[in-house]
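Participant: After the structure tokens below, expect a handful of questions from me.
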Amino acid sequence: MLRSIFIYGLINSIILALTAVGFSLTYGISRVANFAYGALYVLAGFAAWVLLHRLALNYYLALFLAVVFVALVGAALYRFALIRVRGMPISEIIVTFALGTALVELLRFFGLFGSAYGLPPLRRATLQLLGVPVDFQRVALVVIGAVLILALWLFTHYTKIGLAFRAIAQDEQAAMMVGIDPDHMATLSLALGSALAAVAAVVVLPLGYIAAESGSNILVFAIAVCILGGLESPAGVIVASLLIGYAQILSVAYFGPHYQMIVALLAILVTLVFRPSGLFGKQKELEERV
Amino acid sequence: MTTDFLVVDELSKSFGGVKALDRVGFSVAQGEVLGIIGLNGSGKTTLVNVITGFIRPDSGHVWLRGKEITGLAPEKIAGLGIARTFQTVRPFHHLPAFKNLIVPLYSSRIRSAAGGGRWGDRDAVALDLLEEVGFERDSSVPYKPAAALPHGYLRRLELARCLALRPEVIITDELFSGLSSSEVSSLMPLMEKLRERGITLVMVEHRLRELFRLARRVIVMEQGRKIAEGPPQAIVADNAVRETYLGAEL
């Protein structure tokens with residue numbers, strides 16, 4: 001029991017980190033809380049499904065194209081909608097939430113939800129880890145999640161564009177002053193965040209099927225992780241994913257499956273009451289006097 | 001030497017009822033060092049912010065090389081080669097000092113330039129620049145996060161960040177403020193070097209002695225207006241300026 005809680009807790013934590021990292025990244029760079037995040041996750045699932053089952057593409061190619069497609073949708077979301085309400089956080093949330101809801105309802109309208117719509121796993125196999133049976137997809141997911149987070153760390157610390165991302169997150173005006181275009185960076189941050197939602201979708205969705213609720217569930221989980229960890233904090237995403245991930249598995253094991261959502265909502269509530277900036281959140285620095 | 005390299009024409013800007021800039025105009029020749037002095041609140045920083053695109057003027061124009069740049073976005077103006085420093089230092093605090101200088105390499109100005117910051121040599125480009133502004137290359141200083149550096153180094157870092165943009169104009173906003181006398185005097189050779197290299201400098205400054213050594217022409221501002229303009233000796237002798245600075249050391 002303990003060993004299975006350890007392993008499934010880790011898997012659940014990685015799933016949470018995977019689903020939250022894109023939301024955190026977009027917010028960290030451009031201060032846009034992308035409430036269409038869950039819808040983009042669902043869209044990625046459908047894009048992959050269409051490419052696989054309707055166009056009969058190669059499995060990996062289909063997943064790759066689905067990720068690229070959703071990244072483009074994310075970029076378009078900024079270029080055509082968010083750019084008009086830039087700097088107004090409430091409007092940004094309303095715009096992204098409205099478009100996200102519209103997208104999910106559109107898919108529902110065409111009846112594109114249900115057990116008929118699922119993605120196949122990478123491989124149908126079961127492994128034994130510490131004597132606990134774990135299917136191949138979940139193991140792959142842990143590896144992919146860890147590699148992705150490492151890759152993101154390298155990207156933001158060693159590439160010009162990654163450093164420009166961090167620079168604009170730290171001081172937008174100073175970054176503009178050295179020629180960094182904030183709209184360009186925000187477009188890229190939406191594209192990258194959306195691509196990460198899509199990656200999470202194509203590796204997590206094979207564990208179940210594509211449901212209308214996936215979108216809103218993913219959004220709540222991502223927000224819970226980001227609020228507990230501290231918005232814009234990469235280390236916070238990892239720590240909060242582990243905390244919520246294990247808390248969910250423990251409560252599911254001892255109380256029941258519906259506690260998964262309760263734990264996430266409780267994490268949001270408790271954080272906002274006791275430490276609103278989250279575990280790793282920072283106080284805003286004073287603006288320059290003009 | 002063209003006298004109309006950077007031209008500021010009749011710039012006005014009000015905040016509420018306060019006229020921060022009142023029909024301010026001047027021109028700067030390429031390679032010239034222009035000083036701007038005036039008491040606190042005389043509109044110097046507003047002037048810098050308007051030229052660099054952070055504030056849109058109510059009226060008036062700014063031209064660079066005969067091309068109007070008024071109201072362009074800050075990153076576009078930076079892309080045209082006007083770099084600036086801030087009154088309070090604003091490095092990218094959580095980036096190591098040398099990585100602060102890699103950020104400008106992602107600007108469209110440098111990306112479009114030939115050989116602009118390729119993989120591999122960009123760290124060297126950044127370290128060279130830091131050495132140029134006086135960072136000890138073989139020490140750990142260039143690798144420390146900017147937040148851990150003392151103020152004198154941050155001023156140098158901001159200058160280096162300007163240089164990473166390969167600018168034609170550098171506008172400094174109280175570059176010497178908050179520095180000790182020895183730090184100021186160690187910064188002077190660097191400013192002289194920039195001047196010799198032909199970079200146009202516009203220096204908003206309170207440290208008049210140092211400014212007058214660098215600038216051949218100085219503008220005096222008071223309550224948003226330009227009240228005097230001329231070489232340092234003439235400015236010192238000017239009665240209106242003396243009145244403004246009454247009690248201040250000139």
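The values are calculated or read from the model by the stated rules, or taken from the named source; none is laboratory data. Every value quoted in this text rests on a predicted model; they were computed, and no experiment measured them. Methodologically, a virtual Cβ is constructed for each residue, glycine included, from the backbone with ideal geometry; neighbour enumeration extends over all protein chains shown. Accessible surface areas use protein heavy atoms only, side chains included; no ligands, DNA or RNA. Shrake-Rupley method; radii C 1.70, N 1.55, O 1.52, S 1.80 Å.
Participant: Can you pull the Rg over Rh of chain A, Cα-only, Kirkwood? Provide the component values of the computation, followed by the final result.
Facilitator: On the way: Rg = 18.8 Å, Rh = 19.5 Å.
Result for chain A is an Rg/Rh of 0.97.
Participant: Determine one quarter of the surface area of the Cα convex hull of the protein assembly as shown, which equals its mean projected area, and express it in nm² to one decimal.
Facilitator: On the way: hull surface 118.6 nm².
That works out to 29.6 nm².
Participant: For chain B, set up a GNM with springs between Cα atoms under 10 Å and report which of B:Leu39, B:Leu211, B:Leu101 has the largest fluctuation.
Facilitator: Of the options given, B:Leu39 has the highest mean-square fluctuation.
Participant: Just how far, in whole angstrom, is the range A:265-282 from the range B:130-175 if you go by their alpha carbon centroids?
Facilitator: Answer, in whole Å: 37.
Participant: For a quick protection proxy, order the peptides A:162-173, A:209-220 by their average other-Cβ count within 10 Å, most packed first.
Facilitator: Working: A:162-173: 21.9, A:209-220: 19.3.
Packing proxy ranking, top to bottom: A:162-173, A:209-220.
Participant: Right, here's the next one. Averaged per residue, what accessible area in Å² does chain A show with a 1.4 Å probe, protein chains only? Intermediate results must be reported in sequence, preceding the final value.
Facilitator: Values: 13490 Å² over 290 residues.
Per residue, chain A has 47 Å² of solvent-accessible surface.
Participant: Can you give the charge dipole size of the range A:146-252 about its Cα centre, rounded to the nearest 20 debye, using +1 on the beta carbon of Lys and Arg and -1 on the beta carbon of Asp and Glu? Please list the in-between numbers first.
Facilitator: Numbers: 2 positive and 6 negative charges, 59 e Å.
Here the size comes out at about 280 debye.
Participant: Right, another one. What FRET efficiency do you get for B:Ser140 and B:Arg209 if R0 is 35 Å and r is their Cβ-Cβ distance, rounded to the nearest 0.05?
Facilitator: Details: r = 34 Å, r/R0 = 0.98.
Working from the Cβ atoms, E equals 0.55.
Participant: Now for a different question. My understanding is that a pair violates if its Cα-Cα distance is over 19 Å; which of B:Lys19/B:Lys67; B:Lys76/B:Lys226; B:Lys19/B:Lys44 do that in this structure? Don't skip to the answer; put the middle values down first.
Facilitator: On the way: B:Lys19/B:Lys67 27 Å; B:Lys76/B:Lys226 27 Å; B:Lys19/B:Lys44 12 Å.
The pairs that break the limit, which is 19 Å between Cα atoms, are B:Lys19/B:Lys67; B:Lys76/B:Lys226.
Participant: Roughly what would the spin-label model give for A:Leu250 and A:Leu269, points 7 Å off Cα along C-beta, in nm?
Facilitator: In this crude spin-label approximation the distance works out to 1.8 nm.
Participant: Here's another thing I want to ask about it. Using a probe radius of 1.4 Å on heavy atoms only, what accessible surface per residue do you get for chain B? Whole Å² is fine. Spell out each step's value before the answer.
Facilitator: Working: 10320 Å² over 250 residues.
Result: 41 Å² of accessible area for each residue.
Participant: In chain B, if every C-alpha pair distance is counted and binned at 10 Å from zero, what percent goes to each bin?
Facilitator: Result, from short to long distances: 7, 31, 36, 20, 5, 0 percent.
Participant: Please report how far the C-alpha centroid of the range B:177-241 lies from that of the range A:139-212, rounded to the nearest whole angstrom.
Facilitator: 45
Participant: While we're here: Could you identify which residue out of B:Leu159, B:Leu175, B:Leu72 has the top mean-square fluctuation in a GNM of chain B using Cα springs shorter than 10 Å?
Facilitator: Its mean-square fluctuation being the largest, the pick is B:Leu72.
Participant: Against the 2.2 N^0.38 Å scaling, with N counting residues, where does the range B:136-199 land? I'd like the Cα-based Rg ratio to two decimal places. Write out the running numbers ahead of the final one.
Facilitator: Details: Rg = 12.3 Å, N = 64, 2.2 N^0.38 = 10.7 Å.
Taking N as the residue count of the range B:136-199, the ratio is 1.15.
Participant: Could you state how much accessible area is buried at the A-B interface, both sides summed, with a 1.4 Å probe, in Å² to the nearest 100?
Facilitator: 2800
Participant: Using Cα-only point scatterers and the Debye equation, what is log10 of I(q)/I(0) for the range A:189-290 at each q in 0.20, 0.22 Å⁻¹, rounded to two decimals?
Facilitator: Results for the range A:189-290 at q = 0.20, 0.22 Å⁻¹ read -1.13, -1.27.
Participant: Taking the Cα centre of the protein assembly as shown as origin, sum charge times position over the Cβ atoms of Lys and Arg (+1) and Asp and Glu (-1), and report the length of that vector in debye to the nearest 20.
Facilitator: On the way: 48 positive and 41 negative charges, 191 e Å.
It comes to approximately 920 debye.
Participant: Based on the Cβ-Cβ distance of A:Glu105 and B:Ile227, what FRET efficiency does E = 1/(1 + (r/R0)^6) give at R0 = 56 Å, to the nearest 0.05?
Facilitator: On the way: r = 65 Å, r/R0 = 1.16.
So the FRET efficiency works out to roughly 0.30.
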